[in-house]
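The values are calculated or read from the model by the stated rules, or taken from the named source; none is laboratory data. The model shown is predicted, which means the values in this text are computed figures rather than measured ones. No Cβ is skipped: glycine too gets one built from the backbone with ideal geometry, and neighbour counts run over all protein chains shown.
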Amino acid sequence: MPDEPTWLRDAWIAWWIAATSGSSLQPQAFYQWGRRIIGAYAGSDRRYHGVGHLRAVLSDLLTVRDQCDDPLAVELALWTHDAVYDPARPDNEMQSAALAAEVAATVGWSPDRSQRTAALVLATRHGEAVTGDAAWVVDIDLGILGADAEAFLAYDQAIREEYGHVPDADFRIGRTRILQGFLARDEIYATPWWRTRREALARANLAQALEQMRDPIAREMLV
């Protein structure tokens, strides 16, 4: 993978070696999957769900890795959770989960472990309460909600660019529904670790984004 970002290339090598428990590296499969996954995030249409997001979630995992029941499965779920991402499709998570299961099978994991990894990816649909490793995957994926205001604004603008095919009025309706859904939860983050560090910031960011969504003129002045 000579053309890929060095940090991600090295992280992929480390994951593959650990996942195969020191058995054959399977150079062809290792190379093909690495190129496919990292290449997907490097797509020119990725304004937020790109290489930067992938690196951010993998970096955040390093902080909480020892608290995961199956950190290698959590890492694979994070590698693949947005590998398939098309704002015009409703099945991105399903397709990404299938990809995760295929990678898991390639490195020799049992069918049960492969399916559990796929389920971690499906948890990033953010529709149901989660526990265990799924909670870590979901919270890491939502980490940007509780970032500093500048980073959150950049994320919010990047999401709009990814949905550039959607008319402004329709986007505001859909985006408002999503943001209100997060704010309506008793807790945005599923784990105490993330709630302690990001919950208050996430609520402030979401409230600000909703206010701007209601006032398009004010929003344009911030760009």
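Give me the residue from the stretch 44-61 that is touching a residue at least 40 places away in the same chain (Cβ under 8 Å) and in contact with a Gly (Cβ under 8 Å, 6 or more places away or on another chain) and, out of that set, farthest from His165 (Cα to Cα).
Among them, the one singled out is Asp60.
Out of the residues in the stretch 8-31 that are loosely packed, with under 13 Cβ neighbours inside 10 Å and more than 20 Å from Asp70 (Cβ to Cβ), state the one that is modelled with the lowest pLDDT. Let's see the steps before the verdict.
Narrowing the stretch 8-31 to residues loosely packed, with under 13 Cβ neighbours inside 10 Å: 10, 14, 21-24, 27-28.
Of the ones still in play, those that are also more than 20 Å from Asp70 (Cβ to Cβ) are 10, 24, 27-28.
Values: Asp10: 93, Ser24: 62, Pro27: 79, Gln28: 85.
The selected residue is Ser24.
Test of understanding: among Ala98, Ala123, Ala77, Ala88, which residue is farther than 23 Å from Arg198 by Cβ and in a helix (DSSP H, G or I)?
That would be Ala98, the only listed residue that is farther than 23 Å from Arg198 by Cβ and in a helix (DSSP H, G or I).
When the stretch 62-89 is examined, which residues are found to be of a type in the set (Gly, Ala, Ser) and either under 18 Å from Ala100 (Cβ atoms) or without any contact (Cβ under 8 Å) to a residue 60 or more places away in the chain (or both)?
Selection gives Ala73, Ala77, Ala83.
Looking only at residues that are acidic (Asp, Glu) and over 11 Å from the mean Cα position of the chain (by Cα) in the stretch 76-97, which one is farthest from Pro5 (Cα to Cα)? Please lay out each step first, then the result.
Pass one, the stretch 76-97, residues acidic (Asp, Glu): 82, 86, 91, 93.
Among the residues that remain, those that are also over 11 Å from the mean Cα position of the chain (by Cα) are: 86, 91.
Details: Asp86: 22, Asp91: 28 Å.
In this case the residue turns out to be Asp91.
Of all residues in the stretch 151-181, how many are free of Cβ contacts under 8 Å to residues at least 40 places away in the same chain and assigned to a helix (DSSP H, G or I)?
Number satisfying all stated conditions: 15.
Name, by its number, the condition in (1) within 18 Å of Cys68 (Cβ to Cβ); (2) touching a Lys or Arg at 6+ places or on another chain (Cβ under 7 Å); (3) crowded, with 22+ Cβ neighbours inside 10 Å that does not hold for Asp139.
The number of the failed condition is (2).
Here are Arg89, Arg55: which of them is out of contact with any His (no Cβ under 9 Å at 6 or more places or on another chain), modelled with pLDDT under 95 and not assigned by TED's automatic domain parsing to the domain that holds Val166?
Arg89
Out of all the residues in the stretch 25-38, which are in contact (Cβ under 8 Å) with a residue 24 or more places away in the chain and either on the phi < 0 side of the Ramachandran plot or not polar (S, T, N, Q) (or both)?
Ala29, Tyr31, Trp33, Gly34, Arg35, Arg36, Ile37, Ile38
Which of the residues spanning the stretch 75-112 are under 24 Å from Ala14 (Cα atoms) and surrounded by fewer than 18 Cβ atoms within 10 Å (Cβ to Cβ)?
So the first thing to find is which residues in the stretch 75-112 are under 24 Å from Ala14 (Cα atoms), and the list is 75-84, 96-112.
If the condition is that a residue be under 24 Å from Ala14 (Cα atoms) and surrounded by fewer than 18 Cβ atoms within 10 Å (Cβ to Cβ), then Ala98, Glu102, Ala105, Thr106, Gly108, Ser110, Pro111, Asp112 are the ones that fit.
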